[in-house]
Amino acid sequence: MNLRIAKRAAAAVGLSLVLTIAGCGGGGQQAGGNAANSTNAGGNAAGSGETVNGEHPLRIQTSFYPIYEFTKQVAGDFATVELLVPGGMEPHDWEPSPQDIRKLAESDLLIVNGAGMESWLEQVEASSASGKPEIVEASEGITLMEGGEEEEHGQEEEQADGDEHAAESEADSGEAAHNHDHDHDHDHDHDHGGLDPHVWLSPALAVQEVRRIEAALAQADPEHAADYKQNADAYADQLDQLNQEFVEGLANAKRKDFITQHAAFGYLAREYGLTQVPIAGLAPDQEPSAEQMTEIVKFAKEHQVKTIFFETLVSSKVAETIAREIGAKTAVLNPIEGLTAEDETAGEDYLSLMRQNLDVLKAALNE
């Protein structure tokens, strides 16, 4: 965590100067850009990038993969959509380079998830001298969950019988002020200010993000508003179909709880009547304490958990340690924060990766 703070502080020192140069120094110099950020879903520009009916299209920057994918689907050929976080990188660890800052100052829109997911966003806002790009938060208008809210509520119900004394004891402590009234309170350090930003992992909420992006593009480019609506309608239909597959696939699961590496699946769990039991909190690189590890192992043994989920882009050692301790297997439950090289080679996208998540959840919840 100290390394991340140091990185952000160093980035903040240079942002103002770079943005001022980019905003006032003119268009004589093209953004250097990472070559990896120019040709594919690991960091590329989508759309024609050429003139549309003799006009230069919108240039849009997006923060990380799902926002890139949603924006690309809405924009179609009427805007250039670029991805800031390179493929294979955990977006929580990314910081903008001077080239990225220059590219941002030369773009029309920056579309982000928001809800604290982009830790560097305030630096960009505070340092922008040109007023560009306009920043759009795709999660705007969505009611956000507090970090840990979903798993806490699920376990409160589970412990309602036979655990009244423990609940009363905790209520007498200072934890009551935070509504943490059960034994599974991890007291995590939330990098997202306590709010859970992982709304894109609920297909129903992903539709809302797509509609927010559609509205932003239509406002910035009203001439093509009908085209953006048509594209958004088509993609929303696919997301609605995905949502229905989750509803039907998880409706009759034998169990409703699952252990996952970090608390990324609260919205998905809430949408389909499940309970996530995270090893760590909202930050994927957060190390659980020995007490937390003991608590997870106890839960897994008592509930005969046979699968421990880990994720791509971060180490799976903690999940593997717990799996060995209880004699369980491991499987990937993908938070889809970025595509790996293997994903790109296989032609995976948000829809296909979410269907993979559905398949592994169905298997684990029916063991």
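Below, the figures for the structure above:
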| read-out | value |
| --- | --- |
| Highest average packing first - 325-334, 113-122, Cβ atoms within 10 Å | 113-122, 325-334 |
| Accessible area in the full protein assembly, largest first, 1.4 Å probe, for E106, E291, E209 | E291, E106, E209 |
| Rounded to the nearest 10 Å², the accessible area of L110 at probe 1.4 Å | 0 Å² |
| For the range 257-367: relative contact order, % (alpha-carbon pairs under 8 angstrom, 6 or more apart) | 24 percent |
| Gained length - K229 relative to A363, 0.36 nm times residue gap less alpha-carbon distance | 44.6 nm |
| Förster radius 30 Å - calculated FRET efficiency between A290 and K256 (Cβ-Cβ, nearest 0.05) | 0.60 |
| Residue pairs, from the table K317/K362; K132/K229; K103/K132, whose Cα atoms sit over 22 Å apart | K317/K362; K132/K229 |
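The values are calculated or read from the model by the stated rules, or taken from the named source; none is laboratory data. No experiment lies behind these values; they were computed from the predicted model shown. Because the Cβ atoms are built from the backbone with ideal geometry, glycine has one as well, and the counts that use them run over all protein chains shown. Side chains are part of the model used for accessible areas, which takes the heavy atoms of the whole protein and leaves out ligands, DNA and RNA. Shrake-Rupley method; radii C 1.70, N 1.55, O 1.52, S 1.80 Å.
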